1. How many nm is it between the label spots at residue 103 and residue 90, if each spot is 7 Å from the Cα in line with the beta carbon?
2. Determine, from the Cβ-Cβ distance of residue 115 and residue 65 and an R0 of 22 Å, the FRET efficiency 1/(1 + (r/R0)^6), rounded to the nearest 0.05.
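Nothing in this text is a laboratory measurement; each read-out follows from the coordinates by a stated rule. Because the structure is a prediction, the values reported are computed rather than measured. Please note: Cβ atoms are built from the backbone with ideal geometry, for glycine as well, and neighbour counts cover all protein chains shown.
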Amino acid sequence: MIRGQCLITNKDDQYNDPDVAVILGSDKNPTCESQSVLMAPKIKLSSGYDMPILGFGTYNLNGYQCLTAIHSAVESGYRHFDTAFNHENERQIGEALRTQIQMGNVSRENIFLTTKLWNIHH
């Protein structure tokens, strides 16, 4: 389980500001049931979706470590994932996210994947 803060979408009436994602958690409670709350801003995309600005970074994650990190991140509430072509883990991230979607833990509409192309690819 990932320790630290956990990002969840703002669908709970307890937090009624639709312009932010709610981050719950603490180092002592990795299951995100802590009472501490921080607000992570979201940005409105041209598609109309609101994307959490806080993303789960995937640099240097490969193989089994990458798969388990993505699974833990989704289960902890992350919905924005940041990767890059040079990380060489985009396929593993996609596989882990597909599994989480198939398991019903998250819907595709709530996943945001940001990536970067190396200069020779554009």
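1. 2.5 nm
2. With R0 = 22 Å, the Cβ-Cβ based efficiency is 0.70.
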